[in-house]
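The values are calculated or read from the model by the stated rules, or taken from the named source; none is laboratory data. Source: prediction; values computed, not measured. Glycine also receives a Cβ, built like all others from the backbone with ideal geometry; neighbour counts cover every protein chain displayed.
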Amino acid sequence: MTHTLKENVVLSLLVAYRGRPLHLKCLMEWFNVTCSINPGIELVIMEDSPEPSITTDPGRNIKYFHIDGGENFNKARLLNIGFNNSTGKLVSSYDVDLVPADLSFRQHLAMAGKSPDLLVSGYRLNYKKEYMHIEEIDNAKYSAAIDIGDCTESFLRRQLIDGHRFAVIPLFSRERIEQIGAWDERFEGWGSEDMDFLDRYLGRNIYQVRAPDLLYMHLNHGAAQGWNDPALTQRNDSLYFAKRELRKMANYSE
């Protein structure tokens, strides 16, 4: 079920979704506002569930696909489905629990357009509730918490010294995604599929920058079955590090 754009699409937001109805409700509400601010943005929702959550026309600039993928949530597979059904020159893997602090991607798009050799991402603040009313957004950032996970020594060490790459809503080039073969569907559940994608996307010639001007509110949520299962996470980590070692060896041999 889709509702497509008439105008040219600049940015496609790909949302892999399962089992967070309040987050989905918030996403749909803020997108209805933001697509009037940025008409060249489309929202592509891929829901993995036994039954679809959206059964009517999802609205302006929104595409919706329902997939019953089984027990484990394969985010990479859903993102590939969304990517193949999107048209934006820029593409973002967008989490259902994030809300742009100003409801607009205007500044993010402007910064992303400055250089094709830079991958621009932002920061997030943790909001204590699962749902945020649109009228609360202006004040929410003042009551939200700094994401302590981004500030711990071990997290910073992994980024600064070990070369791990993390990003909050980077806007990817469609052409570059096609060059690297999109997302690796061997990753299941939570973790590492995004780091693997970032490593391959950046390669040797693209540089990641993080801008404090780009702020996203992170809605609260708990654990989810088939998503952040420890066994799946451990398997994903093993796959990521194995691929990372192969890339290092290939770089050394050149």
**Request:** Scan the range 54-97 residue by residue and report those that are surrounded by fewer than 17 Cβ atoms within 10 Å (Cβ to Cβ) and hydroxyl-bearing (Ser, Thr, Tyr).
**Result:** 55, 56, 87
**Prompt:** Can you pull out the residues in the range 8-29 that are part of a loop (DSSP other than H, G, I, E, B) and either hydroxyl-bearing (Ser, Thr, Tyr) or in contact with a His (Cβ under 7 Å, 6 or more places away or on another chain) (or both)?
**Reply:** 20
**Asked** Tally time: how many residues in the range 178-200 are on the phi < 0 side of the Ramachandran plot and either over 14 Å from the mean Cα position of the chain (by Cα) or among the basic types (Lys, Arg) (or both)?
**Response** 10
**Message:** If a residue counts only when it is touching a residue at least 60 places away in the same chain (Cβ under 8 Å) and touching an Asp or Glu at 6+ places or on another chain (Cβ under 6 Å), which strands (runs of 3 or more DSSP E) contained entirely in the range 30-121 have at least 2 such residues?
**Reply:** none
**Request:** Looking only at the range 153-174, decide whether some residue is at pLDDT below 80, aromatic (Phe, Trp, Tyr) and either out of contact with any strand residue (DSSP E or B) (no Cβ under 6 Å at 6 or more places or on another chain) or closer than 20 Å to residue 25 by Cβ (or both).
**Result:** yes
**Request:** Taking residue 18 as the residue in question, decide whether it is at pLDDT below 95, in contact with a Ser or Thr (Cβ under 6 Å, 6 or more places away or on another chain) and over 24 Å from residue 176 (Cα atoms).
**Result:** yes
**Prompt:** So which of 157, 174, 186 is more than 22 Å from residue 247 (Cα to Cα) and of a type in the set (D, E, K, R)?
**Reply:** 174
**Message:** Checking residue 23 against (1) within 21 Å of residue 182 (Cβ to Cβ); (2) of a type outside the set (S, T, N, Q); (3) in contact (Cβ under 8 Å) with a residue 40 or more places away in the chain; (4) touching an Asp or Glu at 6+ places or on another chain (Cβ under 6 Å), only one condition comes out false. Which one?
**Reply:** (1)
**Message:** Suppose the filter is surrounded by fewer than 17 Cβ atoms within 10 Å (Cβ to Cβ), in contact (Cβ under 8 Å) with a residue 60 or more places away in the chain, within 22 Å of residue 26 (Cβ to Cβ) and β-branched (Val, Ile, Thr); does residue 134 pass it?
**Reply:** yes
**Item:** Flag if residue 208 is not aromatic (Phe, Trp, Tyr) and not in a helix (DSSP H, G or I)
**Value:** yes
**the range 98-121, residues that are among the small types (Gly, Ala, Ser) and either more than 14 Å from the chain's Cα centre (by Cα) or surrounded by fewer than 22 Cβ atoms within 10 Å (Cβ to Cβ) (or both)** = 101, 104, 110, 112, 113, 115
**Prompt:** Which of the residues spanning the range 140-175 are more than 14 Å from residue 98 (Cβ to Cβ), in contact with a Lys or Arg (Cβ under 7 Å, 6 or more places away or on another chain) and not in a helix (DSSP H, G or I)?
**Reply:** 164
**Complete:** Selection from the range 55-86 of residues at pLDDT 95 or above and farther than 21 Å from residue 26 by Cα yields 80, 81, 83, 84, 85, 86
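The rows are residues; the columns are (1) in contact with a helix residue (DSSP H, G or I) (Cβ under 9 Å, 6 or more places away or on another chain); (2) under 17 Å from residue 183 (Cα atoms).
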{"residue": "13", "(1), (2)": "yes, yes"}
{"residue": "70", "(1), (2)": "no, no"}
{"residue": "91", "(1), (2)": "yes, yes"}
{"residue": "96", "(1), (2)": "yes, no"}
{"residue": "107", "(1), (2)": "no, no"}
